[in-house]
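Scroll down for the structure; my scribbles are underneath it.
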Amino acid sequence: MPDPRETPPLGQSVGEIIDRTTTLVHEEIELAKAEIAISLKNLLRGSVASILGGIFAFFGLIILLIGISFFLSDLLGDYIWLGFFIVALGLFVVGAIAAVFALRKIQKGSQIVPAMAISEARKTQEALRPEDDTRRIQQFESVAVEESTGAGTPDAGRAEGGAG
């Protein structure tokens, strides 16, 4: 069993840090890919469902609009064409409102961003800042010095003259 007071060579420590950093970056890239794949899969499923629903609604709407047109023409007398024009005008108004609403939603939802991966990358970036590394190395060195002198162990007080 290796002695815990022995420190690994600097080259080995740097190599381990590089390996771990590389692994961390690769895992963050995989996380971003997974997030985007899930978002795209959900968009595709929603799009297919919308298209199918839209097809059935479209055919039902045609039948409904023909019925409304004939109903209006019956109310207005023998002017069948007037009922169809009134229905067409209403459809143009509803279509314009729907187009404006859809445009706003598409603009809002077109930003596909892997939020978790970006958050993790920022945390990693802050953790790898040089001033943090310097402070951590100093803490590590002070612990290593305490362990090598025996000041940090419970037996150190007995060895210095305290009979405990």
The range 38-61 residues that are among the aromatic types (Phe, Trp, Tyr), paired with ones that are at pLDDT 90 or above (beta carbon under 8 Å, 6 or more apart): none
Selection within the range 84-132 - in contact (Cβ under 8 Å) with a residue 40 or more places away in the chain and farther than 29 Å from Ser39 by Cα: Leu128
Would you confirm whether any residue within the range 89-104 is touching a Lys or Arg at 6+ places or on another chain (Cβ under 8 Å), among the hydrophobic types (A, V, I, L, M, F, W, C) and modelled with pLDDT under 90? no
All but one of (1) part of a helix (DSSP H, G or I); (2) loosely packed, with under 10 Cβ neighbours inside 10 Å hold for Ala98; which doesn't? (2)
Of all residues making up the range 1-32, the number that are touching a residue at least 12 places away in the same chain (Cβ under 8 Å) and over 21 Å from Ala127 (Cβ atoms): 3
Within the range 102-117, restricting attention to residues that are in a loop (DSSP other than H, G, I, E, B) and surrounded by fewer than 10 Cβ atoms within 10 Å (Cβ to Cβ), which residue is nearest to the chain's Cα centre (by Cα)? Gln111
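Can you tell which of Ile51, Ile17, Ile55 is surrounded by 11 or more Cβ atoms within 10 Å (Cβ to Cβ) and either modelled with pLDDT under 90 or outside any loop (DSSP other than H, G, I, E, B) (or both)?
None of the other options fit; the residue is Ile17.
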Against the condition within 47 Å of the chain's Cα centre (by Cα) and part of a helix (DSSP H, G or I), how does Ser73 come out, does it pass? no
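The values are calculated or read from the model by the stated rules, or taken from the named source; none is laboratory data. Since the model is a prediction, treat every value here as computed from it, not as a measurement. We place every Cβ from the backbone using ideal geometry, glycine too, and count neighbours over all the protein chains shown.
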